[in-house]
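To start, the structure under review is shown below, and the notes come after it.
Please treat every number below as a calculation from the coordinates, not as lab data. Since we're looking at a predicted model, the values are computed, not measured. With ideal geometry, Cβ positions are generated from the backbone for all residues, glycine too; neighbour counts draw on all protein chains shown.
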Amino acid sequence: MNAIWNEEMIGHKIKGLGEIVLRVNDMELMKNFYQKTIGFELMNQSENYTFFKIADGVGGHTQTLALFAKNNVTAFSEELNDILPVNSTLHHFALEIEKLDYEDILHLCKKNKIAYVTKIFEWVKWRSIFIKDPESNIVEFVCHDPAI
């Protein structure tokens, strides 16, 4: 059944980002990047998945980044069998930062020789830093900057 989801129905109820899930080829490499380079707290892991805490969420739900092994096809029930890695349309995901931390993140990128691109989005007064993880997923660090 296809429903039309609009702001009137659901939008006003959404309080934040609950989880981002990436399918990964090399679990160990990706786990080390998100734990040691980005600094996320490890919550749970197995050979098929790794969960990291991004931040406290709403109502006790933790905002998480999950890494699923590409061969882990049992993550969803058979009713959702159209959800396959080849059907993913992920472009990038953004992590909110404080404006005060923007320069520190730039410094850490330079210090650790992590390639980055910066961009200013004047229409929303956002300042962003884009990097790639070891499997070329684009990660954005974004802050609101009223001075823009």
Subject >> Using θ = phi - 60° and Karplus 6.51 cos²θ - 1.76 cosθ + 1.60, couplings along the range 118-124 (whole Hz; Gly, Pro as x) >> reply: 10, 8, 10, 10, 4, 5, 10
Subject >> For THR62, residues with placed amide H under 5 Å, excluding near neighbours >> reply: GLY57
**OP:** Run the quick spin-label model on THR118 and LEU90: label points 7 Å from Cα toward the beta carbon, then report their separation in nm to one decimal.
**Re:** 2.7
Original post:
Treating the beta-carbon of each Lys and Arg as +1 and of each Asp and Glu as -1, no other charges, what is the dipole magnitude of the range 16-71 about its Cα centre, to the nearest 20 debye?
Top reply: 100
